[in-house]
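Below is one structure; the comments refer to it alone.
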There are 2 protein chains.
Amino acid sequence: MFSELEKNLRQHITLTTDEFDRVKRYFVPKKLRRKQFMLEASDVCTRMAFVSKGALFSYSTSEKGSINVVQFAFESWWMADLYSFFTEEPSKLYIEALEDSELLLLKADRLQPLLADVPAMETYLRILYQNAYVALQRRLEETIGLTAEQRYLRFMERDGRLLLRVPQHMIASYLGVTPETLSRIRKQVS
Amino acid sequence: MFSELEKNLRQHITLTTDEFDRVKRYFVPKKLRRKQFMLEASDVCTRMAFVSKGALFSYSTSEKGSINVVQFAFESWWMADLYSFFTEEPSKLYIEALEDSELLLLKADRLQPLLADVPAMETYLRILYQNAYVALQRRLEETIGLTAEQRYLRFMERDGRLLLRVPQHMIASYLGVTPETLSRIRKQVS
DNA sequence: GGGAAGTGTTGATATATATCAATGCCATTC
DNA sequence: GAATGGCATTGATATATATCAACACTTCCC
């Protein structure tokens, strides 16, 4: 249950067996069935989730009911609305299970105690945010600077395998185009 | 010269006088005249800059020579291409002084020693990345989910004062529209 | 002082992408 | 196994925004 987490932590920091045993105690396992929610808009996001199995995705909704996919999270990825998590303001996002999933939850009020208990986790979190930041910056640059077709091609190079697990209209939303447009782009490209 | 930095650090972490004296030693002051570069594309970004006076902005260029503004940084903001900084890959960004500026530079190879010397800085950096991340996420959501006019209005609410120090066509680029479109939006709105 | 460069505006037109609508295809479920 | 709902595709049309071009205004400098 914790092996994915352990592997991921050890990729970035060194931990003694004893330290990792302590780390584990700050997490709460949770299973989620497909279409169940980890977070609903207007709630405060009080937990970060480490995905040990399955997949989640987060999205916001427009006035007209359409959805905007913000992020996907598969095995060994983290998911949360960090904005709400840190500011404690109500989230504008939904976080939903794309597949039956197993999560390890870290509650906001357990974060500081964890960092005090195992200081190396401070480094891990910094690296985590670093990586999240640079991924987001690249995505923003692509969204602003590239056409829909170019964005699709970049996406395929990097995350093409996601098409096996994610419906196409969600990819479209993630890329910032309509499902129809993505369909036409795919036809064009092939 | 260091007072802006001290103020900013102490907003997020507690430091003894001795600790801050040590922190200072890791930074190199640097002045930049308007239009001078702190970073040019294809160079590796080896330094993070704390802006103690003036203003910087970063941008990428398209094949056609047009520019895409990624970020502005005024007094007490940080500026770098974090992607290049952490991966040590050549940057795709230019970082240029918008005004005559005074910077405090932290070189990449001084970061680890600093964090080892003053562990509270690890917390500071985590908070810095946290904030940078949530700001970026909000911007991405707005870029994908809102029309140009809505983006402009949000921008004005939050950062309207920037118009006093930044040419309008750079704001346009930051918002992801052409200068002509921004001009028309402003006329419309007023 | 006068040219040059940078800046913002306005108009005419072009284009990428959205929207609306219809169709077919699976997969699920009762 | 018929019915239902989610999903991808295709066509016709609409719309937001870009592009191209011209013009005025300021500011920078030689």
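A short reminder: the numbers here are calculations on the coordinates, not readings from a lab. Please read these numbers as outputs of a predicted model, since none were measured by experiment. For neighbour counting, all protein chains shown are included, and Cβ atoms are generated from backbone atoms with ideal geometry for every residue, glycine included.
Using a 10 Å cut-off on Cβ to Cβ distances, tally the other chain neighbours for every residue of B:136-149 and report the average as a whole number. Don't skip to the end; give the middle numbers.
On the way: counts 8, 11, 2, 5, 10, 6, 0, 5, 13, 8, 1, 0, 0, 0.
Average neighbour count from other chains, rounded to a whole number: 5.
Over chain A, what number does the Rg to Rh ratio reach, with both radii from the alpha-carbon atoms and Rh per Kirkwood? Intermediate values should be presented prior to the final figure.
On the way: Rg = 17.6 Å, Rh = 17.8 Å.
Checking Rg against Rh, the ratio lands at 0.99.
Can you pull the mean other chain C-beta count within 10 Å for peptide B:120-131?
So the per-residue partner count for this stretch is 5.
Let me know the mean shielding of A:80-91 by other chains, meaning the per-residue number of their Cβ atoms within 10 Å of its Cβ. Please report the intermediate quantities before stating the final value.
Values: counts 0, 2, 5, 8, 1, 2, 5, 2, 0, 0, 0, 0.
Neighbouring Cβ atoms belonging to other protein chains average 2 per residue here.
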- prompt: Given label points at 7 Å from Cα along Cα→Cβ, what nm distances, shortest first, separate residue A:164 from the same residue in every other copy?
  reply: 5.6
message: Output wanted: per-residue J couplings in Hz (rounded whole) for segment A:161-169, from phi through Karplus 6.51 cos²θ - 1.76 cosθ + 1.60, θ = phi - 60°, x for Gly and Pro.
response: 4, 4, 4, 6, 10, 10, x, 4, 5
- prompt: Is segment A:146-190 best put as rounded, prolate or oblate by its Cα gyration tensor, with a ≥ b ≥ c the root eigenvalues, rounded for a/c under 1.5, and otherwise prolate when a/b is larger than b/c, oblate when not?
  reply: rounded
- line: Taking a crude spin-label model, label points 7 Å out from Cα along the C-beta direction, the residue A:89 to residue A:161 distance in nm is 3.7
query: Using the beta-carbon distance between residue B:33 and residue A:18 and R0 = 51 Å, what value does 1/(1 + (r/R0)^6) give for FRET efficiency, to the nearest 0.05?
result: 0.40
query: Where nothing but the Cβ of Lys and Arg (+1) and of Asp and Glu (-1) is charged, how large is the charge dipole of chain B around its Cα centre, in debye to the nearest 20?
result: 560
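What does the charge count near residue B:138 come to, summing +1 for each Lys or Arg and -1 for each Asp or Glu among other residues with Cβ under 13 Å from its Cβ? Walk me through the intermediate numbers first.
Values: positive: A:92, B:139, B:151, B:154, B:158; negative: A:81, A:89, B:141, B:142, B:157, B:159.
Net charge in that neighbourhood comes out at -1.
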message: Defining the label point at 7 Å along Cα→Cβ, can you sort the distances from residue B:138 to the same site in each other copy, shortest first, in nm?
response: 2.6
- prompt: Helix-derived [θ] at 222 nm for chain B: sum -39500 (n - 2.57) over DSSP H runs of at least 4, divide by residue count, nearest 500?
  reply: -14000 deg cm²/dmol
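Counting alpha carbon pairs within less than 8 Å and at least 6 residues apart, what relative contact order, in whole percent, applies to chain B? Could you put the intermediate results ahead of the total?
Details: 277 pairs, mean separation 46.3, N = 190.
In percent, rounded to a whole number, it is 24.
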statement: Place a point 7 Å from the Cα of residue A:64 in the direction of its beta carbon; the residues of segment A:159-190 whose amide N falls under 13 Å from it are A:177-180
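Averaged over every viewing direction, what's the projected area of the C-alpha convex hull for the protein assembly as shown? Give it in nm², one decimal, please. Walk me through the numbers before you get to the answer.
Numbers: hull surface 80.2 nm².
Computing the convex hull of the Cα atoms and averaging its projections yields 20.0 nm².
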message: I'd like the distance separating the alpha-carbon centroids of segment B:3-56 and segment A:11-26, in whole Å.
response: 33
